[in-house]
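See structure below.
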Amino acid sequence: MRRCYRGAALVLGGILMTGITSFNSCSIGSLTVYAAEDIPAEELETAFQEEVQTGEENVETEIQAEEMPAPEEVTEEPVQAVEEPVPTAEEPTQAVGTSFSLEEQEYQVLLKIVEAEAGCEDTAGKMLVANVVMNRVRSAHFPNSVYEVVYQRHEGRAQFSPIDDGRIDTVSVSADTVEAVARVMNGEDSSAGALFFRAASCNSRWFDQALTRVIEHGNHIFYTM
């Protein structure tokens, strides 16, 4: 930026006037006039030097203001809302008892009696029949093995009708029956201790008089003593 200071002497109306013009970046020029009448030359020179110095300081101040960098704009980053997980409803917990294992013969007998008695039932219906067999094995009122429980007879009659009509030996065990028996062997039991069951279409007189009904599922009604 160029700076220019100019001093001028003017004669106005017979009076010697001294003018000092200063130029800067923002103005064409400003003129300060001093009357020379009755003012010594030394004072005029001093006033002239002070005006020049003031002009230089003003220009330097303007230069510093122009060179000063503008403050950086601070931009705030948007804050993303944190999505909270929506709680999901808990699934009902299946009651689980003690798991058990069976020898192969016992296991096959259990599969066959479940298939023969509940082949048309859903998984839960098959599990209930398997639970009845295992409840009898654990009860003091019945034999203590799967084979003996399934083939037990009372007054010449089998406890399970597929033994009498021979269906136990003709069934093909389904994958669903295998799953149902496996779940029972892992301890699942929703039978409420049932020891007997009958088809819903059969005569219920003896069952209803001698036993306590606990569950009805599918085509079967279950009882305990």
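Each reported figure results from applying straightforward, stated rules to the coordinates on display, with no laboratory input. The structure presented is a predicted model; accordingly, all values stated were derived computationally and were not measured.
Close amide H pairs (under 5 Å, H built 1.01 Å from N) link Leu195 with Tyr223, Thr224, Met225, residues at least 5 positions away or on another chain.
Quick check on the range 104-224: take the gyration tensor over C-alpha atoms, sort the square-rooted eigenvalues as a ≥ b ≥ c, and tell me if it's rounded (a/c under 1.5), prolate or oblate. Here the range 104-224 falls in the rounded category.
Relative contact order for the range 127-196 using alpha-carbon pairs under 8 Å, separation at least 6, rounded to a whole percent? Averaging sequence separation for qualifying contacts and normalising by length gives 46 percent for the range 127-196.
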